[in-house]
Each structure stands twice: as structure tokens, then as C-alpha cells.
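Single-structure report; data block below.
The values are calculated or read from the model by the stated rules, or taken from the named source; none is laboratory data. Note that the structure is a prediction, hence the values are computed from the model and not measured. When we count neighbours, we look across all protein chains shown, and the Cβ atoms used for this are built from the backbone with ideal geometry, even at glycine. The accessibility values were calculated without ligands, DNA or RNA, using every heavy atom of the protein model including side chains. Shrake-Rupley method; radii C 1.70, N 1.55, O 1.52, S 1.80 Å.
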Amino acid sequence: MDEMGVRCSFPVAVRRLSTLGRHLSGHFPAMASENPNFTISPSPTAGTYGSAASVFACIAQAPEDPILGVTVAYNKDQSPVKVNLGVGAYRTEEGKPLVLNVVRKAEQLLVNDPSRVKEYLPITGLADFNKLSAKLIFGADSPAIQENRVATVQCLSGTGSLRVGGEFLARHYHERTIYIPQPTWGNHPKIFTLSGLSVKYYRYYDSETRGLNLQGLLEDLSSASPGAIVLLHACAHNPTGVDPTLEQWEHIRQLIRSKSLLPFFDSAYQGFASGSLDADARSVRMFVADGGECLTAQSYAKNMGLYGERVGALSIVCRSSDVAVRVESQLKLVIRPMYSNPPIHGASIVATILKDSEKFKEWTIELKSMADRIISMRKQLFDALRERGTPGDWSHIIKQIGMFTFTGLNSEQVAFMTKEYHIYMTSDGRISMAGLSSRTVPHLADAIHAAVTRSN
Ligand code: PLA
């Protein structure tokens, strides 16, 4: 009993009974329909179990999300010097969120077009958006696109694309194990486990060299069961900022193909790593060029700054166009009961930009300037630590790529920096370089210096 007088084992018992009821009525439909009183479902909401107590009284308080929870803590802090380097969200030099000019223009066009309506999209989303998204990641001249071997569906940003892909694989693919890098974005294991896949890790990062553990990666994938799914970050690996070189990608590709493993690319940062959309898609294109199959989850959150619009795409590259048609038909069965069909606004912005060569050009310029600003933050932070004579080799700050630096700071050092300097970052020592500015670099460098020298 808890203080409300509710038996805490009760909801579990109720759940089991109702499940049993559902199970029985599924197996003996005649029984259920012949006897209208045939239900095993006690009704706690009716007050039978004590009218004052909530049926949710036994629910435990859940912890905050390790990444988005950092923003929650940041928002509560009243300090004027606070800096949020937790979530990967781009900020200007003034520390403000950025809506790209080209996005504003596209939105104006959409708003001023009276022919635009708010009807439901098809289950698979906006057709133009899907075609243009596949071109963006695979390349306009990709044989897979020309041969109609790609099934693309609009999804709820990168996360939704991964989830739809995961559920599709759990239903239709013969091997349920997915290998994800160690470490990886914290949401990956949750997304894939809840999709019905079984998650295993492959070695990725070498904390000694602060670089790629290629040997470990190849060994772990070599011993994976044939056909296993392998999650790969297309570029700008989160959280390490360490990407394989093209030569290393080629090793990885050969191994994956020779073991018949199925690559699933997470492309959340196309254009954000190098500033070039094509260069950042090279890993994916290498796999598509060999004619084999793969999945790709794309997000426009970062590269178009459309975080809250939740716009992304899942593409499945198949061996033939008729397989692609059947795959798409099954993707619809995954999507329909999950959220029915995707939202229209964000995808319309993306399609408006991608289909117009001038707007596309304008986007690439704005994207490059975001990527360049992040690169310049790396240089500034590195220089600031050198100036302070902070112990340690900080060259990984300029070697790593993409939105994040995996600093190597431990959770106590992070806690110290948050408490004493109001710097918010994830406890694994990851900082979002996109959240820094020339104004905040010295403050961060002071905090890192203090954290490192304090524990020495
Ligand atoms: N994949 C990777 C590797 C990511 O880093 C993120 C976002 C996503 C997918 C999903 O992005 P989307 O659903 O918004 O398109 N990672 C962020 C945000 C930027 C987050 O955790 O949700 C991060 O701070 O790691």
C-alpha cells in the first residue's frame, strides 16, 4: 500500500487481466460475442478501489532525457552567463536561434499561394519532397534513382525516419539484430529496441587516440551474424565527431557487403560536417554505387534549421523497382497506425527550396556559413585553451568534425562546470560547438581550464 492507500501491484494485475481478456476474446470470439457479460476488465476508474486515489498513483517519476533534459536545466538557471552546449541546435554569433533566409522566403511563397490547402498528405508524404530528398542524399545521377529502386517516405524528422525503418525491419527482415556504434546518439538504442530489434554494439571510438577504432569496428562486424543490420552515421558522428576517412569507409563497405550485413545510414548532418552536401553524402553514395541494398534516414532539422518542423525522410534502396514498390506498400502499413500521415508545412518548405535552383544555391551558401562558423569555433576554443596552458592535448577539438566536440571531460568535471560556470552540456563530455560564439568561448575555456586543473 502507498500513502494514498493504493495497492501498487494493482495496475500490473489489472493490465495482465485485461491482456488475458483480450487474448481470450481473440481466441474465442464466439464466446465473447455470444455472452455480452464475458469481459475480464475490472474498472479502477469507476472508483471501486478507493475514490480518492489516482489510478496512476504508483507511477514513478521518470528521469529527464540525457540530452533534452540539459535544456530543461538550462532554462531554470537564472545566471546571465549561462551557456547551453547540450542539444545540437545552431546558434548565431549573438547566441540566437537561426531561421535561414531561404526558409523565410520559401515560407512567404507558401503563405501567399492561395491554391495551397491544409488537406491530409498521403501516408507516404509529399511526393515532390520524397523525390528531391532521395536525390539530395544519393545524388541526382544515382542509378538507384534512375532505375526506380528507391522507396522514399516522408517521416517525422530523423528520429521518425529511424523508427519507421526500425519497425519495418522488425516486421519484414529476417535478421533482427542491429549493431550500433559505441558510443552513439543516446536515442538510437531506445528507438531500435522499441522498434522490436535487438541492439548490439560495435567498437567505434578509441579514447586513447580520440580517433576511430577501425580495427575494433572491423573485428566486431566480422563476428556479427550474417545479415545483421549495421547502423552507420553518414557523417559528423554524434557524439564523437570522428568520421572514417574515405579509405576507411571503403574497408567498412567491403566487409559489410562480404558478410551480407544490411547498412542503415543515419544522415542527420548532411552539409553540416564539411559545408558541402555532396562531400557529406559520400559514405552513403559509396554503398549505393555497389548496387547493394541499404536504408537511409534523413533529417532537415540541422541543415535547414527546421528542428521543430519535424521533417525528414526514410529511403530504402532495393535491388529492383518491383521490390521497391512492395517495400513502399509495407512502409505505409507501418506509418498509418503510428501517425497516419506526416505534416505538410516543413516538407513543403524543403520541396520549395530543393526544386528551385536559385533557392537551392542560396541554401548551400547559408549552410556553408553555418558549417564554417562551427569550424571557426573549434579553432577559437583550441587557441583559448592553448593560451591558458590548459594541461592536455586538445588537438581533437580541431580534428573532430560536425556539430559536436567529444572533449574527454568526465561527468564530475562536467558537473563542476555546470555548477560553477553555468555551462550546460551532456554528462559524457560532449559539447555542441554550434551553441558557442566568440563571446562565450573565453568563458568555456576558463571553465574547462578550471575543471581540468582542479582534478589534477
Ligand atoms: N540522428 C542523430 C545522429 C542525431 O544526432 C539526431 C539529433 C537525430 C538523429 C534526430 O534528429 P531529428 O529527429 O531532430 O531530425 N540529435 C540532437 C538532438 C541534435 C536530439 O538529441 O534529439 C542531439 O543533440 O544529439
Once Lys and Arg get +1 and Asp and Glu get -1 on their Cβ, which of PHE192, GLN400, SER258 lies farthest toward the positive end of the dipole of the chain? PHE192
Pop a pseudo-label 7 angstrom from the Cα along the beta-carbon direction at both GLU94 and SER321 and give the gap in nm to one decimal. 5.1
Those helices of the chain passing the 30 Å axial Cα length cut-off and the mean Kyte-Doolittle cut-off of -1.0 (DSSP H runs only) are 357-388
Radius of gyration, Dmax [segment 120-355; alpha carbons; angstrom]: 16.4, 52
Rounded, prolate or oblate: which fits segment 277-434, taking a ≥ b ≥ c as square roots of the Cα gyration tensor eigenvalues, rounded meaning a/c under 1.5, else prolate when a/b beats b/c? prolate
Rounded to whole Å, give me the distance from the Cα center of segment 251-300 to that of segment 168-213. 15
What distance in nm separates the simple spin-label points at ALA52 and TYR173, each placed 7 Å from Cα in the Cβ direction? 5.3
Counting only DSSP beta bridges with both partners in the chain, the antiparallel fraction in percent, to the nearest 5, comes to 50
Taking the dipole about the Cα centre of the chain, with the C-beta of Lys and Arg at +1 and of Asp and Glu at -1, give me whichever of ILE316, GLY241, ALA52 is farthest to the positive side. ALA52
In debye, nearest 20: dipole of segment 120-355 around its Cα centre with unit charges on the Cβ of K, R (+) and D, E (-)? 600
Among the aspartates and glutamates, which fall within straight-line cross-link reach of LYS135, defined as a Cα-Cα distance under 15 Å, with same-chain neighbours fewer than 8 residues apart omitted? GLU147, ASP278, ASP280, ASP356
Taking Lys and Arg as +1 and Asp and Glu as -1, residues besides GLY292 with C-beta under 12 Å from its C-beta add up to +3
Residue-normalised value, i.e. accessible area per residue, for segment 120-355 at 1.4 Å probe, in Å², stands at 37
5 Å is the cut-off here: which amide hydrogens, built 1.01 Å from N in the peptide plane, fall below it relative to TYR202, excluding neighbours closer than 5 in sequence? ILE180, GLN182
SASA check, LYS355, accessible area w/ 1.4 Å probe, all protein chains in place, rounded to nearest 10 Å², comes out at 130
Antiparallel %, DSSP beta bridges [both residues in segment 120-355], to 5: 45
Protection proxy ranking, peptides 84-90, 68-74, 120-126, average beta carbon neighbours within 10 Å, highest first: 84-90, 120-126, 68-74
Any of LYS259/LYS332; LYS302/LYS361; LYS302/LYS332; LYS131/LYS361 with alpha carbons more than 23 Å apart? Name them for me. LYS259/LYS332; LYS302/LYS332
Tell me, in nm to one decimal, what length is gained between GLU387 and VAL81 on full extension, where the rule is 0.36 nm per residue of separation less the Cα-Cα distance? 108.0 nm
Relative contact order of segment 147-232: what whole-number percent is it, with Cα pairs under 8 angstrom and at least 6 residues apart? 30
Any lysines whose Cα falls less than 20 Å from that of LYS419, other than same-chain ones fewer than 8 residues away, would be LYS76, LYS82
In debye to the nearest 20, how big a dipole does segment 260-380 give about its Cα centre with +1 on each Lys and Arg Cβ and -1 on each Asp and Glu Cβ? 220
Considering only protein heavy atoms and a 1.4 Å probe, what is the carbon-and-sulfur percentage of the accessible area of the chain? 54
For the chain, what class follows from the C-alpha gyration tensor (a ≥ b ≥ c being the square roots of its eigenvalues): rounded when a/c is under 1.5, otherwise prolate if a/b is larger than b/c, else oblate? oblate
Placing unit charges on C-beta atoms (Lys and Arg positive, Asp and Glu negative, everything else neutral), compute the dipole magnitude of the chain about its Cα centre in debye, rounded to 20. 480
Divide by every residue of the chain the summed helix terms, -39500 (n - 2.57) for each DSSP H run of at least 4, and state the resulting mean residue ellipticity at 222 nm, rounded to the nearest 500 deg cm²/dmol. -14000 deg cm²/dmol
